[in-house]
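A short write-up of the structure that comes next.
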Amino acid sequence: SPDRTVIHASGHLMSYSALRVRQAAAAPILADLRGALPEETWHYGAASWPIRLAEYAIARRMERRIVEQADALNCVSVAFREHLIARYGAKPERICVTPVCVDSQLFFYDAGQRREERARLGWNDSAVFLYSGRRQRWQLPECLFDNLRWLLQRLPRARGAILTVEPGAFEQDLRALGEAERKRIEIRSLPHGGMGRALRAADAGLLFRRR
């Protein structure tokens, strides 16, 4: 539009695409990088290793061009900022770190609301261990279910809950469990407005990453 002064590109692909049309756009580009795409491609890609190697090389070239040519960079952590500086020699003053923060208007403690939500979800007095997200390889779903199984075997009141927009993606994991364990793990797809209430009602969240 005529009043646009900055192109804010989200992720590697959109940032790279914006660079290719920057002359026509005649506007500075802020590349918002959400993660280490080359490493995610190599370690967690589903293809065979020769294809992953080719994808890794392409992602490295893409990332280098973004870091070298974007007018400014935004990333979610100091560690990722230092990674870009060490790998590509990025100028620190061109990188802004915007950490992911908790929305205090959505996540807060209210005993009455929490009790009502737990009753609505059928959790009541259970100890609910919750995972929220898709079944992505870098989320280590096998590790998630191994730990859920361990918790269920040792805590009689424990139950697992998975909130996701792709409930069918976890069916293979459920089939690998025993019948008694499957009955104590539920998979729900909730509207966006209901996610915050369910997260507040759980007792503990589960999230795994490879070091």
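Hey, what's the chain come to in accessible area per residue, 1.4 Å probe, Å²? It would help to have the intermediate numbers written out before the result.
Numbers: 12850 Å² over 211 residues.
Value returned for the chain: 61 Å² of accessible area per residue.
Accessible area, 1.4 Å probe, largest first: how do ASP103, ASP32 sort?
Working: ASP103 75, ASP32 15 Å².
Ranked list, largest accessible area first: ASP103, ASP32.
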Surface share of carbon and sulfur [accessible, 1.4 angstrom probe, percent] for the range 117-193: 49 percent
Of the GluC sites (Glu not before Pro) in the range 44-112, those whose Cβ has at most 10 other Cβ within 10 Å and which sit in DSSP loop: none
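When a/c is below 1.5 the answer is rounded, else prolate if a/b is larger than b/c, else oblate, so apply that to the range 101-190 with a ≥ b ≥ c taken from the square roots of the Cα gyration tensor eigenvalues.
Working: a/c = 1.95, a/b = 1.31, b/c = 1.48.
Oblate.
Between beta-carbons, use under 12 Å as the cut-off and find the net charge around ALA202, counting Lys and Arg +1, Asp and Glu -1. Before the final figure, lay out each step's value.
Details: positive: ARG114, ARG118, ARG159, ARG188, ARG197, ARG200; negative: GLU117, GLU186, ASP203.
Taking every Cβ under 12 Å from that of ALA202, the sum is +3.
Among CYS96, CYS75, CYS143, what's the order by accessible area (1.4 angstrom probe), most exposed first? Present the calculation step by step, with values, prior to reporting the outcome.
Numbers: CYS96 70, CYS75 0, CYS143 50 Å².
Highest to lowest solvent-accessible surface, that is CYS96, CYS143, CYS75.
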Between helix 49-69 and the chain: long-axis angle, C-alpha atoms, 0 to 90°, nearest 10: 60 degrees
In degrees, nearest ten, helix 192-201 long axis to first principal axis of the chain (Cα): 50 degrees
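Between ARG64 and SER48, what is 0.36 nm times their sequence separation minus the Cα-Cα distance? Round to one decimal in nm. Display every interim value, and only then the final one.
Values: separation 16, 0.36 × 16 = 5.76 nm, distance 2.43 nm.
This chain segment gains 3.3 nm when fully extended.
Which shape class, rounded, prolate or oblate, goes with the range 32-78 when its Cα gyration tensor gives a ≥ b ≥ c as root eigenvalues, a/c under 1.5 marks rounded, and past that a/b bigger than b/c marks prolate?
Here the range 32-78 falls in the oblate category.
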Rough spin-label spacing in nm, given labels placed 7 Å along Cα→Cβ, for ARG210 and HIS83: 1.3 nm
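Is the chain rounded, prolate or oblate when judged by the Cα gyration tensor, a ≥ b ≥ c being the square roots of its eigenvalues, rounded requiring a/c under 1.5 and prolate requiring a/b larger than b/c? It would help to have the intermediate numbers written out before the result.
Working: a/c = 2.65, a/b = 1.75, b/c = 1.52.
The shape class here is prolate.
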Rounded accessible area of MET14 (nearest 10 Å², 1.4 Å probe): 110 Å²
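Restricting to Cα pairs below 8 Å that are 6+ residues apart, what does the relative contact order work out to for the chain? Please round to a whole percent.
Working: 270 pairs, mean separation 35.5, N = 211.
Over the chain, the number comes to 17 percent.
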Rounded to 10°, Cα long-axis angle of helix 11-20 versus longest principal axis of the chain: 20 degrees
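Quick check on the range 1-160: of the DSSP beta bridges with both residues there, what percent are antiparallel, nearest 5%?
Values: 0 of 13 bridges.
Counting only bridges with both partners in the range 1-160, antiparallel ones make up about 0 percent.
The values are calculated or read from the model by the stated rules, or taken from the named source; none is laboratory data. Predicted model only: the values in this text are computed from it and were never measured. Positions of Cβ are generated from backbone atoms using ideal geometry, with glycine treated the same way; all protein chains shown enter the neighbour counts. SASA here: full protein model, heavy atoms, side chains in, ligands and nucleic acids out. Shrake-Rupley method; radii C 1.70, N 1.55, O 1.52, S 1.80 Å.
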